[in-house]
Amino acid sequence: MSVDVFPSDLPPRGKLAEQVYTRLKAELHDFLWIAGDRFTEVEIGQRLGVSRTPVREALFRLRNEGFIEVESKTGWFVRPIDFDRLEQLYDLRILLETACLARLAHRSEDPPELAALRAVWLVPAAERLDDGRQVGALDEAFHAALVQAAGNAEIARVHQEVTERIRIVRRLDFTRADRIEATYQEHAKILRAVIQRKTDQAQSLLRSHIEQSKTEVRKITLHALHEARLRPGRSRAG
């Protein structure tokens, strides 16, 4: 296993713990760690070239977010996916995003976010992306932009927290070509309804879109997670 060492001019401990946290969370979202995987603070520290203190701080932060757990005798492990909790978060997304569409309808002018979304989602089929990782990131940006366009910073903050918690399964949804195609089609319909101020239609389309994603989450299996981890270019060793 190769060792990834941070620069020699190391930042203060707090910032170093933040770097470790960001790195490990990205690895979880990229399926480099999946349910049941075990590791120790020493192993992580050696791989990243840092001491145990920032590693421990980062791990406890991830534990508080529900990604991992620790046992006194066996060390740290990745927790199984809590599907009931995920479904509740998807339900919260529906409430937040449909409320934002209602707020959008009362704005006197189209916010700049909508123009940016047109350039991504209202394009000919030949110009659509087919890389799941890229489309997954654009999907997050689409929903975040609709929320931000509504102009309520507190709703946007809560929505971002929800997005962070469901990202790990949301990205897995974009490993399938049919789901990528469906996302383009559904986003285009939602966006057109928003632009035309057809609020009820936009809300119905959005609700159906998120409900379908919630249904797909239930189809995720441990086998699918293993397949995602084994795709070319994915390795914790770097």
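Observations on the structure shown:
- Measuring gaps between exposed loop sites in the chain (trypsin sites (Lys or Arg not before Pro); DSSP loop; at most 11 other Cβ atoms within 10 Å), the longest gap, sites not included, is 74-217.
- With an a/c value of 1.5 or above and a/b larger than b/c for the gyration tensor axes a ≥ b ≥ c computed over the alpha-carbon atoms, the stretch 12-104 is described as prolate.
- Ordered by the number of other Cβ atoms lying within 10 Å of each residue's own Cβ, fewest first, 130, 91, 84 fall into the sequence 84, 130, 91.
- As an equivalent ellipsoid, the stretch 59-113 spans semi-axes of 40, 13, 6 angstrom, where each value is the square root of five times an eigenvalue of the C-alpha gyration tensor, largest first.
- Overall, the anisotropy analysis places the stretch 83-219 in the oblate class: the square-rooted eigenvalues a ≥ b ≥ c of its C-alpha gyration tensor yield a/c not less than 1.5, with a/b not exceeding b/c.
- Where only DSSP H runs of four or more residues are counted, the chain gives -21500 deg cm²/dmol as its mean residue ellipticity at 222 nm, each run worth -39500 (n - 2.57).
- Gain on full extension, evaluated as 0.36 nm per residue between residue 26 and residue 204 minus their Cα-Cα distance, stands at 60.8 nm.
- Gyration tensor verdict on the stretch 144-225 (Cα atoms; rounded if a/c is under 1.5, prolate if a/b is larger than b/c, oblate otherwise): oblate
- Given their separation in residues at 0.36 nm each and the Cα-Cα distance between them, residue 63 and residue 196 gain 43.5 nm when the chain is fully extended.
- Between the stretch 98-126 and the stretch 184-223, the Cα center-to-center distance that results, in Å: 14 Å
- Axial C-alpha extent at least 15 Å, average Kyte-Doolittle at least -1.0 - helices from the chain (DSSP): 13-29, 52-64, 83-104, 132-149, 153-172, 177-195, 199-217
- Listed by chain and number, the lysines whose C-alpha is less than 27 Å from the C-alpha of residue 214, apart from same-chain residues fewer than 8 away, are 25, 189, 198.
Laboratory data are not the source of any read-out in this text; all were calculated from the coordinates shown. As the structure is a computational prediction, the values presented were derived from the model and not from experiment. No Cβ is skipped: glycine too gets one built from the backbone with ideal geometry, and neighbour counts run over all protein chains shown.
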